[in-house]
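The values are calculated or read from the model by the stated rules, or taken from the named source; none is laboratory data. Being a predicted model, the structure only gives us computed values, none of them experimental. Cβ placement follows ideal geometry from the backbone for every residue including glycine, while neighbour counts extend to all protein chains displayed. For the accessible areas, the whole protein counts, side chains as well, though only heavy atoms, and no ligand, DNA or RNA atoms are used. Shrake-Rupley method; radii C 1.70, N 1.55, O 1.52, S 1.80 Å.
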Amino acid sequence: MTGVRPSVEQETVLDADGIEPATAAVVNPELVAHSLREYVGAWSARIRAGETGVLPVIVGLLLIAVIFQTLNPKFLTAGNLVNLLVQGAVYMLLAMSEVFALLLGEIDLSAGFVAGVAGIVAAELILAANGGWPWWAACLAALAICALIGVLQGTIITRIGLPSFVVTLAGLLGWQGVMLKILGNGGTLPINDRIINDLANGNLTPAAGWAIMVVVVAGFGLVTWMREARRRASGLVAPPVSLTALKVAAVAAAGAIVVLISNTDRGVLVPVRGVPWVILIVLAVLVMWTVLLGRTRFGRYVYAIGGNAEAARRAGVPLARIRTIAFALASLTAGVAGIIYASRLRSVSTNLDGGTLVLYAVAAAVIGGTSLFGGRGKPMHAVLGGVVIAAIDNGMGLQGFSAASKYIVTALVLLAAVTIDAVARRGRTTGR
Amino acid sequence: MVSTGQVLSPAEPEPTGSTSNDQSAPLLELRGVNKRFGAVQALRGVDLVVPGGQVTALAGDNGAGKSVLIKTIAGIHGADGGQVLWNGRAVHVRSPRDAAALGIETVYQDLALCDNLDIVQNMFLGRERTSSALLDEEAMETSARETLTSLSVTTVRSIRQPVASLSGGQRQAVAIAKSVLWNSKLVIMDEPTAALGVAQTAMVLDLVRRLADRGLAVMIVSHNMNDVFQVADRLAVLYLGRMVAAGPADQFDRQIVVDYMTTGESRRRRDDAGPVPPAGEVAR
């Protein structure tokens, strides 16, 4: 096969039954465009065809920023923006956990209290009374327990064939009970390990922030460039070099902005500066799950099961195993969120409201563009949705609104996000 | 030579009694295949020859056993009795995996494609190519394009289009192309044109013809006599689980097939053709 595209003279059977331009346009523009101009054309055609991608959530974020900034000029200060990202980290992680379940067309209601279990297990293990595990061993043990919880729930769902809604609802109640049991009568278990507390509260030195930023951007640039060079070499349609450059430049700019903002002194009494560790943790989880879902067989099967489980079964996909692994990864990610949550509060307490957390996580994933019906969504959507939820929470907090108003506004934003998606898709000829 | 009850034109390879891997043996041959579900005898001593490079149409009224027969060949049901010969060699097809290993692919009526995946992803579903644990998208896209091009199926924009955006005929084309991607030797299609319009039906039948021209054996199940006579080289008619007639398509006409389908016998003959194929019982 040479790099030549199929010639026009060739009998084009698919042409024969008259494909409409609107349906032809829903192709990833990267895969059809030869030049930047074509790319922009294909991209806007795709949006008009209802494949809006992350555009609504980006526009939404800009709107939120403008509204809160006009209400309160403190909103867009370096200190508040960093604060917002740190507050949002738990939502972002939990939403990424939820993406695994949502992609299958399932739901995981237990994520919030599975996170709680991770927090309490890590907090207990580092206590001197329990042998004083090193921080990393305690965290790994907590994550392993979460993964096992996921395997247990996934096995019940797939092998016995119960609805995930019910099984994870039982999880929501049961793991809350387990968490409270471990907490005992004390109600609050403080964490005194410096490193665990730093996971959510610590900062890199400004120089380290820049260094990591450069490494991350260089890595991203290299991977992107090599991938596209390989496509060009195999004679496939590859995005234009200008676009590749633009993409890398955009990531570099975003990274630089985050580092610049984070390195601005945001302390009140003592100077505080540097990129928070937790941003790196979220980034690492995001990269890992993006590669897993987008570039491996496992990920492909998750999307296939969410799209048409019967087709996947006939194609030889081991449905039960893939589903169980997906639930295990969902719980594992929830465990990461739980450790961050505990770290941020420097304690684990009975106040942890896993029910609200998990519903916020589902909302974040959906606001970001993940479908509740399975087969559509990305970890990136969860992160963007998490930022939206955190921004609303933070912005309204600055204005002194009550929790009641926050819930109402978050509800409206969730409805708006789903409505935009549904209306955008109505123009499509097929598909949901 | 063992009589199989088939009417064979001189040009065709004759089924031989030999069980060795014989050049003249048809790709697939069934001898006296039985299938029983509880009290229901779904297939009674079915004989069938499916040669390579030809389209064999399987006709029969509802309940005649067409689906059971193709599912038996595809390994979904095991046969209770009788022999299945593949290239003249006796084989046991106990699971779809066995069938796939022999080179038997089935395109089911409900197309079994994932709407949210693109054409390449659907074609390679379950058999993705990887390089160092990551999906090798380039290799898959190149092969998928080669296969589609060789079948003269070319999409308008891109083979990276999600299947959700395709028309019924295009989806059928993708499902068929998927089945030939794997070096398959026999492609079984269950009602491939059932839900399609006129133009799309013509397109799919063209595609069926092209598969046979590539040397594959194609077996289609169809209710539609127009389709059957347009594309089939051979016909086989099932009636209440028995193979009542089988032979080259030019020995049949519509009325004869309908007679066989509805009564299990026909006293008519085609004006321009040789003797009407006798009923399958002749063999026993």
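Based on alpha-carbon centroids, what's the gap between segment A:392-410 and segment A:123-186 in Å, whole number please?
31 Å
Using a 1.4 Å probe on the protein heavy atoms, what percent of the accessible area of segment A:93-205 belongs to carbon and sulfur?
Of all accessible area on segment A:93-205, carbon and sulfur atoms account for 69 percent.
In peptide B:161-173, how many Cβ atoms from other protein chains are near each Cβ within 10 Å, on average?
6
If contacts are Cα pairs under 8 angstrom and at least 6 residues apart, what is the relative contact order of segment B:114-183 in percent?
After rounding, I find 47 percent.
If R₀ is 25 angstrom, what is the calculated FRET efficiency for the pair A:SER35 and A:VAL214, using the beta carbon separation as r and rounding to 0.05?
0.25
Please compute the average number of Cβ atoms from other chains found within 10 Å of each residue's Cβ in peptide B:127-139.
For peptide B:127-139, the averaged partner shielding equals 4.
Can you list residues from other chains, or at least 5 along the same chain, whose modelled amide H is less than 5 Å from the amide H of A:ARG376?
It is A:SER371, by chain and number.
Tell me, how many Å apart are the Cα centres for segment B:31-54 and for segment A:346-373?
Rounded to whole Å, the Cα centres lie 56 Å apart.
If packing is taken as the average count of other Cβ atoms within 10 Å, what order do B:191-198, A:114-121 fall into, highest mean first?
Going by the mean number of other Cβ atoms within 10 Å, highest first, we get A:114-121, B:191-198.
Between A:VAL59 and A:ALA129, what length in nm is gained on full extension when 0.36 nm per residue of separation is reduced by their alpha carbon distance? Write down the numbers at each step before the final one.
Details: separation 70, 0.36 × 70 = 25.20 nm, distance 5.10 nm.
Taking 0.36 nm per residue and subtracting the Cα distance, the gain is 20.1 nm.
So what is the accessible area of the protein assembly as shown per residue, in Å², with the probe set to 1.4 Å?
I get 42 Å² per residue for the protein assembly as shown.
What is the list of residues in segment A:157-172 whose amide nitrogen lies under 18 Å from a point 7 angstrom out from the Cα of A:THR350, following Cα to Cβ?
Those under the cut-off are none; the list is empty.
Evaluate the Kirkwood expression for the hydrodynamic radius of segment B:114-183, namely the inverse of the mean inverse distance over all pairs of different C-alpha atoms, and round to one decimal in Å.
Taking every pair of different Cα atoms in segment B:114-183, averaging 1/r and inverting gives 12.1 Å.
Count, for each residue of B:199-209, the Cβ atoms from other chains sitting within 10 Å of its Cβ, then give me the mean as a whole number.
Per residue, the number of nearby Cβ atoms from other chains is 2 on average.
Specify whether the C-alpha gyration tensor of segment A:81-128 places it in the rounded, prolate or oblate class, a ≥ b ≥ c being the square roots of the eigenvalues: rounded for a/c under 1.5, otherwise prolate if a/b is larger than b/c and oblate if not.
Oblate, since a/c reaches 1.5 and b/c is not below a/b.
What quantity of accessible surface, computed with a 1.4 Å probe and excluding non-protein components, is buried in total between chains B and A, in Å² to the nearest 100?
4200 Å²
Run down the lysines and flag those whose C-alpha is under 25 Å from the C-alpha of A:LYS378, throwing out any fewer than 8 positions away in its chain.
A:LYS247
How about B:LYS185: which lysines have a C-alpha closer than 21 Å to its C-alpha, ignoring those fewer than 8 places off in the same chain?
Reachable lysines: B:LYS66, B:LYS71.
Calculate, in nm to one decimal, what A:LEU173 and A:VAL223 gain on full extension: separation in residues at 0.36 nm each, minus their alpha carbon distance.
Difference between extended and current length: 13.7 nm.
Distance from the Cα centre of segment B:85-115 to that of segment B:141-205, in angstrom?
Distance between centres, Cα-based: 18 Å.
Magnitude of the Cβ-charge dipole of segment A:275-432, K/R +1 and D/E -1, about the Cα centre, nearest 20 debye? Numbers along the way, then the final one.
On the way: 16 positive and 4 negative charges, 147 e Å.
The calculation lands at about 700 debye.
Ranked highest first by average number of other Cβ atoms within 10 Å, how do A:183-194, B:208-219 line up? Before the final figure, lay out the partial values.
Numbers: A:183-194: 13.5, B:208-219: 20.1.
The densest-packed peptide leads the list: B:208-219, A:183-194.
Under a plain spin-label model, where a point goes 7 Å from the Cα along Cα-to-Cβ, how far apart in nm are B:HIS92 and A:THR77?
8.0 nm
What size of dipole, in debye to the nearest 20, comes out for chain A about its Cα centre when the only charges are +1 on Lys and Arg C-beta atoms and -1 on Asp and Glu C-beta atoms?
I would put it at about 320 debye.
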